[in-house]
Every structure is written in structure tokens, then in C-alpha cells.
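Asker: Pasting a structure here, questions to come.
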Amino acid sequence: MKLALILCAFAFAISGCQSTSPQTNAAATQYVDLTQASSQEMANYWVLKHREEPRYPVEMAKNFEAGCVKLLLAINADGKVDYVKLLQSYPQDVFDFASAEAVGKWRWTAASSNPQHQPVLTIVDLSFKTSGSRNLKQWQQQCGTAS
């Protein structure tokens, strides 16, 4: 009984410490919406300085399967990705994780026309295709990309 009371008090103390720690909230940040903007408009705010390519899932590569992913990114004032939201993928649930993981490591530098480092929302389209992809016709229909 005494041990249970000590554990409860310890858990209460830890939860109290966690609730008082400062947290950054992506939802509270004011983003410029560039989701409908051209790449040139995006370049007026942020320039990509580090890009990691997503890993092609081994099974999909072995099967010569192509795909694509459309992601919404929230880029913060430090040029890092605050938030990633999957908007569309083909085939579903295949390239999603690798894509989100890769773009989470991307870094941007503020353009000279963005001295305040204004955070933005933007859309990123990623394509996955091997030479000889078997589902090329479906890929073109779903991803809207010409070969």
C-alpha cells in the first residue's frame, strides 16, 4: 500500500512537470499558404538547401511497381518541417512512410525576400518509378505524370 502511494505521488509529480514545460505548437504558428503557389513563389520564401530522397520500398522495386505521394508540409521559421500531412498516395500505404520520413529531414534557407523567416505551407509531390515499371499506365493516371 505504501509503495502504491509513493508510485502515485511520483507519477503525479512527473505529470505536473511535463505540463509546465514550454511547447511549440505548429497549430498556433501563422503560416503563409503557398499550397496553390508556383515553385517560383515558394522560392520567394524558402530555398531548399538539404534534400534526402525517400527510400524506395524493396518489395516495390523488386516488383517494378511505380507510385507517388502528395504531402502537405509546414515549414517553420528555422527552415525545418514542423508538420507533414499525407494528401494522396498511389498505391495507398506503400510509399507514405518513406516519403514522410525523408521530407522530415529536408532543410530550407530563407530567401532574401523573406528576411522575417515567415513560415509557410506548401505541397510536395514525390514520384517513385523504376525503368520497366509494370504499372506505368496506372501510375500516369493516378499521379498525373508523363513518363
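Asker: What does the charge count around CYS68 come to, taking other residues whose C-beta lies under 10 Å from its C-beta (Lys +1, Arg +1, Asp -1, Glu -1)?
Answerer: +1
Asker: Follow-up question, since we're still on this one. Report the calculated FRET efficiency for ARG107 and THR130 (r = Cβ-Cβ distance, R0 = 25 Å), to the nearest 0.05.
Answerer: With a Förster radius of 25 Å, E is 0.35.
Asker: If I take R0 = 22 Å and measure r between the Cβ atoms of GLN141 and ASN63 in this structure, what FRET efficiency does the formula 1/(1 + (r/R0)^6) give, to the nearest 0.05?
Answerer: 0.75
Asker: Along the stretch 33-50, what does the Karplus equation 6.51 cos²θ - 1.76 cosθ + 1.60 (θ = phi - 60°) give for ³J(HN,Hα), rounded to whole Hz, x for Gly and Pro?
Answerer: For the stretch 33-50, the Karplus-derived couplings read 7, 10, 5, 10, 7, 7, 5, 5, 5, 4, 5, 6, 10, 9, 10, 5, 10, 9 Hz, x marking Gly and Pro.
Asker: Collect residues whose amide H, placed 1.01 Å from N in the peptide plane, falls under 5 Å from the amide H of ALA77; neighbours closer than 5 in sequence don't count.
Answerer: The answer is none.
Asker: Another question, if that's okay. Quick one: net charge around LEU48, please, counting Lys, Arg +1 and Asp, Glu -1 for every other residue with C-beta under 13 Å from its C-beta.
Answerer: Spelling it out: positives minus negatives among the neighbours equals +3.
Asker: Quantify, in whole percent, the carbon and sulfur part of the accessible surface of the stretch 60-112 (1.4 Å probe; protein heavy atoms only).
Answerer: About 49 percent, which is the carbon plus sulfur part of the accessible surface.
Asker: For TRP139, what is the net charge nearby, where nearby means another residue's Cβ is under 14 Å from its Cβ and Lys, Arg count +1, Asp, Glu -1?
Answerer: That works out to +2.
Asker: Using Cα positions and a limit of under 12 Å, work out the aspartates and glutamates in reach of LYS129, with same-chain residues fewer than 8 apart set aside.
Answerer: GLU65
Asker: A further question follows. Using θ = phi - 60° and the Karplus curve 6.51 cos²θ - 1.76 cosθ + 1.60, what whole-Hz ³J(HN,Hα) does each residue of the stretch 62-76 get, with Gly and Pro shown as x?
Answerer: Per residue, the Karplus-derived 3J(HN,Hα) values read 4, 8, 6, 9, 9, x, 7, 9, 10, 10, 9, 10, 10, 9, 8 Hz.
Asker: At 1.4 Å probe radius, can you tell me the per residue accessible area of the stretch 63-118 in Å²? Before the final figure, lay out each step's value.
Answerer: Working: 2800 Å² over 56 residues.
Value for the stretch 63-118: 50 Å² per residue.
The values are calculated or read from the model by the stated rules, or taken from the named source; none is laboratory data. Source: prediction; values computed, not measured. Cβ sites come from the backbone with ideal geometry, for glycine too, and all protein chains shown count toward neighbours. When the accessible area is computed, the model is the full protein with side chains, heavy atoms only, and any ligands, DNA or RNA have been set aside. Shrake-Rupley method; radii C 1.70, N 1.55, O 1.52, S 1.80 Å.
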